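Undergrad: I'd like to ask some things about the structure below.
The values are calculated or read from the model by the stated rules, or taken from the named source; none is laboratory data. These figures come from a predicted structure and were not determined experimentally. Every residue, glycine among them, receives a Cβ derived from its backbone with ideal geometry; neighbour counts consider all protein chains shown. What goes into the accessible areas is simple: the full protein's heavy atoms, side chains included, and nothing from ligands, DNA or RNA. Shrake-Rupley method; radii C 1.70, N 1.55, O 1.52, S 1.80 Å.
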Amino acid sequence: MTESCPERRAEIRRKLKVLVVKVGSNILTGAEGGLSSRAFSRISRQIRELREEGVRVVLVSSGAIAAGRERIGLGRKPLSLAQKQAAASAGQTALMGQWEKAFRRHGISVAQILLTPADIVDRERFTNLERTVETLLSLGMLPIVNENDAVATFEIRFGDNDRLSAYVAGLVRAQCLLLLSDVAYLYTSDPRLDPSARPIPCISRIDSRIERMAGLSRSGLGTGGMSSKVGTALWANGWGLPVGVLKGDLSGGIVRFFDGLTGTLFDTSRPLPSNRKIWIGHFSRPRGDLHLDAGAATAIRTGRTSLLGAGVTQTTGEFIAGETVFLRDPSGDEVARGIVRKGAREISPKGEGLLVHRNDLVLSEMSHRE
Ligand code: GLU
C-alpha cells in the first residue's frame, strides 16, 4: 500500500474546528433495505466523541429515499422521479427519527435543514443559511442536512449528497469533509473485478489518471459512486478543502481515518479562504462577462487591485449590480470572478468608477470549474 500521509492527517485533525460528515444511503440501510439502527448508533457515537474534543460537526445524511421506499411499499424496483420524491418526503421523517433517537442517547439535539441548489447559489439565501447554521452550532445543536428532494426537480438538483456536502462544508468553512460510504478507498481499479486492485490512501493531486480509476469503481444504492466522490473532491480541493473517503460501517472509522489507518485522503495545500470568497469563486452562478484590456487583466492577476471602468472594453450578458460575473482577458480566458457593482446597461466601454472591488474578486486559478 502506498503512503497514507499520516502527518498530514494528524495536522488536519489538530486544526479541525468544523467538520462536515456525509453519510451515504448504503451504510444506513440493512440487508432488507430498511434503515439499520446499528449504523445510526455507530455514527452518532463517533460524532459525540468529536464534539467532546471541541469539534463542531455538521452531518449531511442521505437515506430518505431508501427509508421511504419501505414506508410506501415500493421495495427495490426502479422509481419514477415523482415516486422518488414521494419516497423522500415519506422517508425523511423516518430518517430524522432515527438520528434523533441515536443522538438523544448522547444528550445531543438535532436540527433538520433541507436544501435545494437555489439556496446556495443565491447570495441572500446563502448568508441567511450561514447565520442559521452558525446559530445552531453555537447553541450546541447538531445540524443534519439533506437535499429537499420533494421540491428539487431533475434539472436543478445537487444530484447527490456528495456535492451537497461540499457546498455545506464551504458554507461553514469546514477544515475537512468526510464522505462515509460503502467504499473504503479509491482503488487503482475495481476491486470486485480485479484482484490486483490496490487502494490509494493519499492523493495530493487529482489528474485524469485518478479520474479514470474512479470511473472504474462504482457502488450500488446511492446516486454517488466513486466517480462522484472524486469529482466532489476535485472541486472542493480547488478552494482548499481536504476530503476524506472512508467506509462508514467501521466502529471508530473516523478516528482511524485521522490516524492514517483507513480511507483515502484527497489533500490540498491551498489555504482555506473566507466562505464569502468560496461563494464568489465556486458557488455563485456568473451572469455575464466583463472583457478587460490587457493592462487591466495583468493588474487583476496580481490579486491586489480592484477593477475600474477604464479597464473594461465590453460586456456580455444581462447582469445587474450585485451579481457575479466573469472577468476575461483579451483572448477570452477567465481571469477572475467577482461581484459587479453596476448592471450591464450602466457600463460603457472604458467608462468611469469602480466596477469590482478587490474584496469581491476571486482569481480563477483558485476557482476550479465544476
Ligand atoms: N437525498 C437523497 C436521499 O436522502 C440521497 C441522494 C444521494 O444518493 O446522495 O435519499
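Undergrad: Pick from region 178-213 the residues that are more than 21 Å from the chain's Cα centre (by Cα) and hydroxyl-bearing (Ser, Thr, Tyr): which of them is modelled with the lowest pLDDT?
TA: Only one residue tops the list, namely 189.
Undergrad: Further question on the same structure: Could you say whether any residue in region 282-304 is touching a Gly at 6+ places or on another chain (Cβ under 6 Å), within 23 Å of residue 240 (Cα to Cα) and small (Gly, Ala, Ser)?
TA: Checked region 282-304: no residue is touching a Gly at 6+ places or on another chain (Cβ under 6 Å), within 23 Å of residue 240 (Cα to Cα) and small (Gly, Ala, Ser).
Undergrad: Among the numbered criteria (1) crowded, with 24+ Cβ neighbours inside 10 Å; (2) more than 16 Å from the ligand (Cβ to nearest atom); (3) part of a helix (DSSP H, G or I), which single criterion is violated by residue 174?
TA: Evaluating residue 174 over (1) crowded, with 24+ Cβ neighbours inside 10 Å; (2) more than 16 Å from the ligand (Cβ to nearest atom); (3) part of a helix (DSSP H, G or I) leaves (3) as the failure.
Undergrad: If I go through region 263-278 residue by residue, how many of them are open to solvent by 10 Å² or more (accessible area, probe 1.4 Å) and touching a residue at least 24 places away in the same chain (Cβ under 8 Å)? Lay out the reasoning, then the answer.
TA: To start, the set of residues in region 263-278 that are open to solvent by 10 Å² or more (accessible area, probe 1.4 Å) comprises 267-277.
Keeping just the survivors that are touching a residue at least 24 places away in the same chain (Cβ under 8 Å) gives 267-275, 277.
Residues meeting the conditions: 10.
Undergrad: Return yes when residue 323 is among the acidic types (Asp, Glu) and closer than 15 Å to residue 283 by Cβ and no when it is not. If you could, list the steps in order and put the result at the bottom.
TA: Details: among the acidic types (Asp, Glu): yes; closer than 15 Å to residue 283 by Cβ: yes.
When the stated conditions are applied, residue 323 passes them.
Undergrad: Assuming residue 300 fulfils every condition listed in (1) free of Cβ contacts under 8 Å to residues at least 60 places away in the same chain; (2) in contact with a strand residue (DSSP E or B) (Cβ under 6 Å, 6 or more places away or on another chain); (3) among the β-branched types (Val, Ile, Thr) apart from one, which condition is it?
TA: Condition (1) is where residue 300 drops out.
Undergrad: Moving on to the next point. Of all residues in region 80-106 being more than 15 Å from the ligand (Cβ to nearest atom) and in contact (Cβ under 8 Å) with a residue 60 or more places away in the chain, which is surrounded by the fewest Cβ atoms within 10 Å (Cβ to Cβ)?
TA: 105
Undergrad: What number of residues within region 44-61 satisfy the criterion of being within 15 Å of the ligand (Cβ to nearest atom) and either among the hydrophobic types (A, V, I, L, M, F, W, C) or open to solvent by 40 Å² or more (accessible area, probe 1.4 Å) (or both)?
TA: Just the residues of region 44-61 that are within 15 Å of the ligand (Cβ to nearest atom), to begin with: 59-61.
Filter once more, keeping what is either among the hydrophobic types (A, V, I, L, M, F, W, C) or open to solvent by 40 Å² or more (accessible area, probe 1.4 Å) (or both): 59-60.
Matching residues across region 44-61 total 2.
Undergrad: Looking only at region 314-331, which residues are open to solvent by 30 Å² or more (accessible area, probe 1.4 Å) and either free of Cβ contacts under 8 Å to residues at least 24 places away in the same chain or not in a loop (DSSP other than H, G, I, E, B) (or both)?
TA: First pass over region 314-331, keeping only residues open to solvent by 30 Å² or more (accessible area, probe 1.4 Å): 314-318, 320-323, 326, 328, 330-331.
Answer for region 314-331, where residues must be open to solvent by 30 Å² or more (accessible area, probe 1.4 Å) and either free of Cβ contacts under 8 Å to residues at least 24 places away in the same chain or not in a loop (DSSP other than H, G, I, E, B) (or both): 314, 315, 316, 326, 328, 331.
Undergrad: Does residue 152 count as within 14 Å of the ligand (Cβ to nearest atom), at negative phi and more than 10 Å from the chain's Cα centre (by Cα)?
TA: On the way: within 14 Å of the ligand (Cβ to nearest atom): yes; at negative phi: yes; more than 10 Å from the chain's Cα centre (by Cα): yes.
Against the criterion (within 14 Å of the ligand (Cβ to nearest atom), at negative phi and more than 10 Å from the chain's Cα centre (by Cα)), residue 152 qualifies.
Undergrad: Go through (1) at pLDDT below 95; (2) within 16 Å of the ligand (Cβ to nearest atom); (3) open to solvent by 70 Å² or more (accessible area, probe 1.4 Å); (4) not in a loop (DSSP other than H, G, I, E, B) for residue 124 and report which single condition fails.
TA: Every condition holds for residue 124 apart from (2).
Undergrad: Looking at 109, 138 in this structure, which one is in contact (Cβ under 8 Å) with a residue 24 or more places away in the chain, over 23 Å from residue 69 (Cβ atoms), of a type in the set (S, T, N, Q) and away from the ligand (no atom under 16 Å from the Cβ)? Don't jump to the end; show me each part of the working.
TA: Values: 138 fails: in contact (Cβ under 8 Å) with a residue 24 or more places away in the chain.
Testing whether each residue is in contact (Cβ under 8 Å) with a residue 24 or more places away in the chain, over 23 Å from residue 69 (Cβ atoms), of a type in the set (S, T, N, Q) and away from the ligand (no atom under 16 Å from the Cβ) leaves just 109.
Undergrad: Would you tally the residues in region 1-31 being assigned to a loop (DSSP other than H, G, I, E, B) and either closer than 20 Å to residue 259 by Cβ or charged (D, E, K, R) (or both)?
TA: Taking region 1-31 and keeping what is assigned to a loop (DSSP other than H, G, I, E, B), we get 1-5, 15-17, 24, 30-31.
From what is left, the residues that are either closer than 20 Å to residue 259 by Cβ or charged (D, E, K, R) (or both) are 1-5, 15-17.
Matching residues across region 1-31 total 8.
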